[in-house]
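In what follows, a structure is listed as structure tokens, so that the remarks can point back to it.
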Amino acid sequence: MKLRRLDQILSSLGYATRRGAAAFVQEGRVKLDGEVVDRHDLRVDITKVTIDDEPLEAPDGFFALFHKPVGYTCTHSEDEGETIYDLLPPRWPERNPAVTSIGRLDKESSGLLLLTDQGALVQRYTSPKFKLEKVYEATVDHDLDESLVEIFASGELMLKSDDKPCLPASLEILEPRLARVIITEGRYHQVRRMFASQGWQVESLHRTRVGPFDLDGLAVGEWRLMDVPKI
Ligand code: URA
């Protein structure tokens, strides 16, 4: 059994700063084996600690699905208006390592975002070599043309200022102005730019699936904690 200092646990999981941990403990919110703890420097078995009578949140690694609404950016910077972190528990970005999104959705897009504190998972899932499928529904400004299916699938579609063509992508026309697009890369504003390169403007963009994960009943703004996927 591995023992760790309580103040270190509280700060690494984002509940309190290392300095604030003493006050946090004094508030009587922390219990060990059901008994209120009064010392922040106690070395404890992490599995026996509760906060506000709840077990510690994701002590062995964090992974969550989040349904991002339109109008929020995926950044930790505070200079870019409202961010997804304004919608999430403040302790998540305060964890060490911090919770961050795996890839991004642009401000005007909605849908599934994966969140984690596992750097290796971010690396793996965002690597173009890993070819993780991302599924989008895009509504466009005028009727779609069947020719786009072949162009998107060709592996030859070049985007302005990129030096390599996009990897083959799947496009399915669901309605005259609605398409399902599956890409395996994550270039800047990729889906919008793929359509724009052919003369279509994307008016709304929604991500429904990333790899094996989908929104599965998550309402806009909701999240679900999950086990960290094995990679
Ligand atoms: N493509 C886009 O254009 N925007 C996103 O947010 C994701 C993919």
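The values are calculated or read from the model by the stated rules, or taken from the named source; none is laboratory data. Everything quoted here is computed from the prediction, not taken from an experiment. When we count neighbours, we look across all protein chains shown, and the Cβ atoms used for this are built from the backbone with ideal geometry, even at glycine. For the accessible areas, the whole protein counts, side chains as well, though only heavy atoms, and no ligand, DNA or RNA atoms are used. Shrake-Rupley method; radii C 1.70, N 1.55, O 1.52, S 1.80 Å.
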For the range 116-158, which residues satisfy the criterion of being closer than 15 Å to Arg192 by Cα, in a loop (DSSP other than H, G, I, E, B) and in contact with a Phe, Trp or Tyr (Cβ under 9 Å, 6 or more places away or on another chain)? Asp141, His142, Leu144
Please determine, by comparing only the residues of the range 121-140 that are within 16 Å of the ligand (Cβ to nearest atom) and open to solvent by 50 Å² or more (accessible area, probe 1.4 Å), which one is farthest from Ile231 (Cα to Cα). Glu137
Test each condition in (1) within 16 Å of the ligand (Cβ to nearest atom); (2) aliphatic (A, V, I, L, M); (3) more than 27 Å from Leu225 (Cα to Cα) for Ala153 and report the one that comes out false. (1)
Those residues that are at positive phi and among the acidic types (Asp, Glu), I need them from the range 1-54; list them, please. Asp33, Asp52, Asp53
Residue check, Phe66 crowded, with 18+ Cβ neighbours inside 10 Å, closer than 20 Å to Val99 by Cα and touching a strand residue (DSSP E or B) at 6+ places or on another chain (Cβ under 9 Å): yes
Taking the range 74-109, which residues are open to solvent by less than 20 Å² (accessible area, probe 1.4 Å) and either acidic (Asp, Glu) or assigned to a strand (DSSP E or B) (or both)? Thr83, Ser101
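Per-residue answers, yes or no, for (1) closer than 14 Å to Asp141 by Cα; (2) exposed (fewer than 12 other Cβ atoms within 10 Å of the Cβ):
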{"position": "Leu159", "(1), (2)": "no, no"}
{"position": "Asp163", "(1), (2)": "no, yes"}
{"position": "Pro168", "(1), (2)": "no, no"}
{"position": "Leu174", "(1), (2)": "no, no"}
{"position": "His189", "(1), (2)": "no, no"}
{"position": "Gln198", "(1), (2)": "yes, no"}
{"position": "Leu205", "(1), (2)": "yes, no"}
{"position": "Pro212", "(1), (2)": "no, yes"}
{"position": "Leu215", "(1), (2)": "no, no"}
Looking at the range 184-218, which of its residues are assigned to a strand (DSSP E or B), within 12 Å of the ligand (Cβ to nearest atom) and over 22 Å from Gly71 (Cβ atoms)? none
